[in-house]
Structure formats: C-alpha cells, structure tokens
1. Can you say whether Thr352 is at pLDDT 95 or above and crowded, with 21+ Cβ neighbours inside 10 Å, as far as the supplied structure shows?
2. Only one residue in Leu464, Leu494 is modelled with pLDDT under 95 and not in a helix (DSSP H, G or I), so which one is that?
3. So is Val418 open to solvent by less than 10 Å² (accessible area, probe 1.4 Å) and touching a Leu at 6+ places or on another chain (Cβ under 6 Å) or not?
4. Does at least one position in the range 322-334 carry a residue that is more than 26 Å from Leu274 (Cα to Cα) and of a type in the set (S, T, N, Q)?
5. Which condition from (1) within 25 Å of Ile154 (Cα to Cα); (2) in contact with a helix residue (DSSP H, G or I) (Cβ under 6 Å, 6 or more places away or on another chain); (3) crowded, with 16+ Cβ neighbours inside 10 Å is the one that Lys114 breaks?
6. Kindly check whether there is at least one residue in the range 208-228 that is crowded, with 19+ Cβ neighbours inside 10 Å and under 18 Å from Cys123 (Cα atoms).
7. Output the residues belonging to the range 521-548 that are under 31 Å from the mean Cα position of the chain (by Cα) and farther than 24 Å from Ser474 by Cβ.
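The values are calculated or read from the model by the stated rules, or taken from the named source; none is laboratory data. As the structure is a computational prediction, the values presented were derived from the model and not from experiment. Cβ sites come from the backbone with ideal geometry, for glycine too, and all protein chains shown count toward neighbours. With ligands, DNA and RNA removed, areas are computed over all heavy atoms of the protein, side chains included. Shrake-Rupley method; radii C 1.70, N 1.55, O 1.52, S 1.80 Å.
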Amino acid sequence: MKASVSFPDECWESIFRFLGHGRDLESVSMVCKRFLTISSQLQDSLTIFDATTMLIPKLFLRFSRLKVLDLSYFNGNLEGLLCQVSQSTLDLDTLNLSNQRTLPIDLFRDIGSKMKNLRVLICSNIGSLWDSHLMIMAYCFPLLQELDISFPLISEATDFGISKLSLLLERLRKINFSGNYLVTDQSLVALCQNCMTIEDISFFNCFKITQGGIANAINFRPTLASIAFNIKKRRIHGRGLAPMPINLDLIDSLKSLKSLTCIDLSNSFISDELLCSVAECCHSIKKLILQDCCNFTFSGIYSVVSNCPLIQCLDLRKTDFLTDHCIGKLSMFLLNLTSINLSGCDQLTNSTFYTLTRGCPKLVEIKMDRTYLGEVGEDSDSSLVPVQNTQVKSLYLGQNILLGDQSLMKMASICPNVELLDLNSCGSISGECVVDVLRKCREIRHLGLANTGVKLLKMDFKVLQLKVLNLSGSRINDEALSIISKCCCGLVVLDIQGCNNVTTKGVKEVVESCMELRELNLKNCDFVNDNFVASLELIRPSLRRIITNSYVGV
C-alpha cells in the first residue's frame, strides 16, 4: 500500500486514463482525496444542466483543466452562467451554446479576452441570428477554427455578415451555416475566397445558393476536404415538383476536389453523372452520405464505390432500388468499410446482413432499420455460409416486424462482440430470445427494446456490462423490473417512458439495487408525482437525471 501511494501523480494519471473517463472514474475518485484530485484533472469536458447551477463555482474549481463546456441543455440564466465562466480560470477550447433563446453577445468580449485559445464555437438552433452576432463573434474570438451557426429559429444573417466574418477569421477551417435561408452565392464564395485554411463547409437548406455558386466556390477552394449541401426540387406548372437539372459546371467542379474525403448530399435530387464525376477524381473519399436522395441509379453508386477504395462510412438510407444482389456487388469494394446505413431500403433481407459481415472485415456499425430483415432473398447464394465477424460493435435493427427469434440468434452468433443492439418495435422477437442473445453476446452495453412485448422474465444470470436499457413503450412490469434490478445491477441509464404496467414498487426496487444508476426516464408514467420523484432522490442521491412530463431533475 505504501509503495502504491508513493507513485507520482503522473503514473496514476496514466493508469486512470487507461481505466476511462467520466463515469468510469467515479469509483476511483471515491477511494481517497488524492485520487479525487488526480481523476478531476483528467476531466476535460462538462455538460451543464439546470439543477447544477448552484454547484458551478465548485465544479469549475474541481475540474480546472476543462477544455469543452456544453451549455446546450441549460435553460436557466445564461448570462449569469457565462459571467461565472468568464471569471473562472478555465482555458476552454470548445464552447457549445446551442438551443439557447438568445446569444449573450455582450459577454462575448469578456469571455474572448479571458479565453484566447477558444477554437470551436457551436451556436446551433438558437432563437435568432443576426449579422451583428456574426461580427461580434469574429471580433471576440479571432482564433476560431470551427464555427456552427446552423438552423437558427429566426435567421436574419445575410451575405454582409458572412462576408465580414470570412475576412476576420483567418484560421477558420470548418463552418456550418445550414438553415440560414437569406444567404446567397456571395457568402459561399466569400468563405472559400477569404478563408485560406477552410476545408469543411456545410450549407443545407440555403435555398438561395445556386449550383453555379457552389461550382464557383469550389473553383476558389479546390483543397476542400469535406462539403455538405442539398440540391432541392423546383416547382413546375401546377402543384407538381420536378428535379432541378444538375448544372454541368457543378459536375465539372467536383472533379477538382482531389483532397475530398467527405461528401454529404442528403435529401438531394442528384444524378448518375454527378456521382460519376466524384468517382472520376475524388479517390480519397472516406465518407459518402446519400441518405434520402433520389434521381440516381445503382450505376452511379457502383461507379463511386468501385473507384473509391478508402470508403469507411456509406449512408444509403431510403435508397429503395437496392437489392441483396446490389449489396453483393458493392461489398467486393468495401474492404475498408466501418459503418453502413441501409435503413429504409425495404428490399434488403438477411442475405444483405450475411454479405456485409462476411465481405467487410473492418465493419463496426450496421444500420438496417425498416428493411426486410427476417426473410432470406430469393436471389441469395445458399452455398455461402455466414462467417463470424468479431469487429461488429453496433447493430441497429429496429422496426423490422418480420425479424424473428431464429434470425436474431443467427445474427448474434455472427456478431458475438456486439456492444449496442437496438431492436425497437421488433414485434416478433420473444423475451426468451433476447435473454439467449444476452447470454451469447456478453459485451452488450446498450440494449434497445422500446415498443416491444419483451419482458426478460427468464433471465437468471448477471449482465454486468449492460449500462443502457431502453424499455420505453414496452410491456415491462414490476416482476420484470425486479429481475432486471438483480441481473443488470450495473445499469447507468434506464428508460421506461410510457410503461403503464409498472408501479412505484418496481421502480423503487431498480433504484435501490442499481447503485450506478444516473438517469431514469419516467415520462408518461401515470404513477409519477413530485413526492415520488423526491423519494427516489433520497434513495439514490447520485441519480442525476429523473425525467418526467413536468420535471427534469439533475
């Protein structure tokens, strides 16, 4: 013991870093005062909720090395909170002010003068955004490298504000001004022309930016690494909508993006010609997002995938022409794929799942919500035996009403190391099958059983790795909660929103037994009242969030 205590702090920091961050270090911090001090120095991010306001001065003193401060969930006195931030000794790298009704522009000068190293400012979904806001941001935080001003509820930002900002933020590398519907081609060109280090631009739903303007901007900054925008419909005679023809200048400009690693065209009318231009010269692409796109064919997708061997993330959500045979042809080129989203592709069956897990050795995440899982495709090769893939960690299989026990068990056998399994609204899955999956896949940390009939009554073993359990809208009852409290005592987050078969007895048993529980969602539960919430807080003081219809305790 004496030898271990005499370790220098640097050694303990290395050990604690190995153990993890945040909640993983809570038990360590309670061992002794020295461990509390050392573990506190490792905390680099903090999210503030309403009920933690009184603790803020102490938190800032305790976590003196904070680099990321997230105020996006805070609904209290923002100006008062930011005054405390500016008066602290923090040297922030990232400040998130998203979801606020107003921006405290008057306090930006104080914060900027104290925190001269602020590199990332996130102001998404704020109440209103004006040109004056943009100019003050630029003046107060001249070293900003990343700025998010996307989707304000009221956007009064114009080309004047964006242009001024582009002249002042010389180090800007990444900007998202999606949803600012007054800006035009002038803003986009100004950013690409004036910001010499710009490499990542997102501008969804900026309807006054034309395809020609995008082409001009790309020509000014062909070194862009990431670009995200959508090409919308145009209105024709009557009430109909038609695809906007793809501008040839835009197609040609994409060929100049030799350094492009990410292109996001979500919710766009595109064309095979546009995709072929990407395939022709953008061979470094690692992330291709075409979710909810239309007006293209398998030929366009095949062209990109077959010519861009570095693709790691592929999002083809709601690409309704895809079949198991199509995925088979694509999989031959997806040797570096780590994440794929095929949700809403309603022709895809179990065969696609087997093809991906067999042919993509680096695959970590599969999203196949709302597909035809549970069936085997008619054109599948019955001679191909499913191969175990130990790399897959996340499976999103929700809203597959045909997915049954036999198929799920086979998928669990193929992916034994899965850590996240989402089966929401899979009505054909039994509780016995889920228990067998938990027995087989002992690494599951996040299990989603929302809107199912699963009760887990047959569980008779410990599931210590399970941290997040979503049972919202399910038929769970007190008996099942009792079993969960005994077998899943390491739960951190439990969601039983809208579970009308549970009572105060079952909830209290979970809270008493699950000592690590930090968040409990009780929205739309008829038995909940203020007195009951207060009793839960007495039982488990470390329970940080209790969510009800009228109350969020933190």
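1. Working: at pLDDT 95 or above: yes; crowded, with 21+ Cβ neighbours inside 10 Å: yes.
When the stated conditions are applied, Thr352 passes them.
2. When all the criteria are applied, what remains is Leu464.
3. On the way: open to solvent by less than 10 Å² (accessible area, probe 1.4 Å): yes; touching a Leu at 6+ places or on another chain (Cβ under 6 Å): yes.
Considered against the rule, which asks whether it is open to solvent by less than 10 Å² (accessible area, probe 1.4 Å) and touching a Leu at 6+ places or on another chain (Cβ under 6 Å), Val418 comes out as yes.
4. Within the range 322-334, the subset more than 26 Å from Leu274 (Cα to Cα) is none.
The answer is no; no qualifying residue exists.
5. Only one criterion is unmet by Lys114, namely (1).
6. no
7. Within the range 521-548, Glu537, Pro541, Ser542 qualify.
For every residue, the table says whether it meets (1) open to solvent by 30 Å² or more (accessible area, probe 1.4 Å); (2) over 26 Å from Thr503 (Cα atoms); (3) at pLDDT 95 or above.
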| position | (1), (2), (3) |
| --- | --- |
| Val387 | yes, yes, no |
| Thr390 | yes, yes, yes |
| Gln399 | yes, yes, yes |
| Gln406 | yes, yes, yes |
| Val437 | no, yes, yes |
| Ala480 | no, no, no |
